[in-house]
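What follows is a short report on a single structure.
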Amino acid sequence: MSSDWNRRDFVNLLGIGGVVFASGLAGCSRMGSGAAVSQTPSGGAPPLPPNEDFFFLQLSDTHWGYSGPSNPHADVMLEHAIAAINSADVQPDFVVFTGDLTHKTDNATERHDRMQRVHEIISTLKVKNLHFLPGEHDAASDRGDAFRQSFGDMHYSFDHKGTHFVALDNVSTPEAEVGADQLRWLAADLARLPPSVPVVVFAHRPLFDLFPEWDWATKDGAQAIEVLSQRDNVTVFYGHIHQELHRTTGKIAHHSARSLVFPLPPPGSVPKKVPGVWDPNSPDHGLGWRKIAMDRATARITEVAYR
């Protein structure tokens, strides 16, 4: 890594996944700074705290363990992201990692070691409210056993300052589905909420059929969307496709995050889905960060900075 690769370069050129701000979420004033998060893996919904300003960070597809021409700096990208976050003047309320923390390996021991190493690196974050989702690279080979040992539950919910957050696992089964049990849990979890409470969903794969030929879909995602569509204010943030994309299904807005390590081509734009080769002259390398303002039920991109 060259000596001129400093924190400003990392934030401005490569970024740290997604920086998410929100306001007006069914009475929330806006997403902006600090407080505890209550997590309810079994689906219980404790009373929501008062609406307050806060913001959180989304990092996705860190692929720790990847080595190849798509990013010669892949082995230090996560460390640089954490250094950038730790050096910021204002810290987020929490950080969420939306899957593919590690790069796939068929060696069970190596998979476990990679999970442990990522856990060690992430533990250096100053932000201690952390949430994790598996990606298929993390969980498809062993149905998430190694992931659970290092990072805990693969689906759960929590409340934070007037917003209800849901983390879904749509990667750990061979069918790449949410599954009947989790769908029932999701319906029960949301049924406990007052109608006015905004809901933010985290998933790794897109819940809608973006491009099934490239595995950019969830087999029963339409059923999950049907459950979520019973509410008026739902926003979904996901990863997997290594690029920024914004779609709406009915009244639900879906936003994907760029990868921390390598980009992938737009859906269907090339015959085969492969990462691009690293261009040392690229201003952003296909990686970046975003600011998202939530205005009631509508997600609005206020700034995209890759300079």
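The values are calculated or read from the model by the stated rules, or taken from the named source; none is laboratory data. Predicted model only: the values in this text are computed from it and were never measured. In this analysis, Cβ positions are derived from the backbone assuming ideal geometry, glycine residues included, and neighbour counts consider all displayed protein chains. Each accessible area value is taken on the protein alone, full model and side chains, heavy atoms only, with ligands, DNA and RNA left out. Shrake-Rupley method; radii C 1.70, N 1.55, O 1.52, S 1.80 Å.
Quick one: net charge around Asn107, please, counting Lys, Arg +1 and Asp, Glu -1 for every other residue with C-beta under 12 Å from its C-beta.
Cβ neighbours under 12 Å give a net charge of -1.
Need one word for segment 58-182: rounded, prolate or oblate. Basis is the Cα gyration tensor (sqrt eigenvalues a ≥ b ≥ c); a/c below 1.5 gives rounded, then a/b vs b/c decides.
Since a/c reaches 1.5 but b/c is at least a/b, the shape of segment 58-182 is classed as oblate.
Within a Cβ distance under 13 Å of Trp185, other residues only, what is the Lys/Arg minus Asp/Glu net charge?
-2
Just the number, please: percent antiparallel of the DSSP beta bridges in segment 195-297, rounded to the nearest 5.
Taking every DSSP beta bridge with both residues in segment 195-297, the antiparallel ones total about 40 percent.
Among the DSSP beta bridges whose two residues both lie in segment 98-236, what percent are antiparallel, rounded to the nearest 5?
For segment 98-236, the DSSP antiparallel bridge percentage is about 45.
Just the number, please: carbon plus sulfur as a percent of the accessible area of segment 86-199, 1.4 Å probe, no ligands or DNA/RNA counted.
Here it works out to 47 percent.
For labels at Trp214 and Trp278 in the simple 7 Å Cα→Cβ model, what's the distance in nm?
2.2
Enter the accessible area per residue of segment 68-129 (Å², integer; probe 1.4 Å; all protein chains in place).
Each residue of segment 68-129 exposes 43 Å² on average to a 1.4 Å probe.
How much area per residue is accessible in segment 159-246 when the probe is 1.4 Å and only protein heavy atoms are counted (Å²)?
33
Can you figure out the FRET efficiency of Ala140 with Asp232, using R₀ = 35 Å and their beta-carbon distance, to the nearest 0.05?
0.55
First check a/c for segment 163-259, with a ≥ b ≥ c the square roots of the eigenvalues of its C-alpha gyration tensor; if it is under 1.5, answer rounded, and if not, answer prolate when a/b is larger than b/c or oblate otherwise.
oblate
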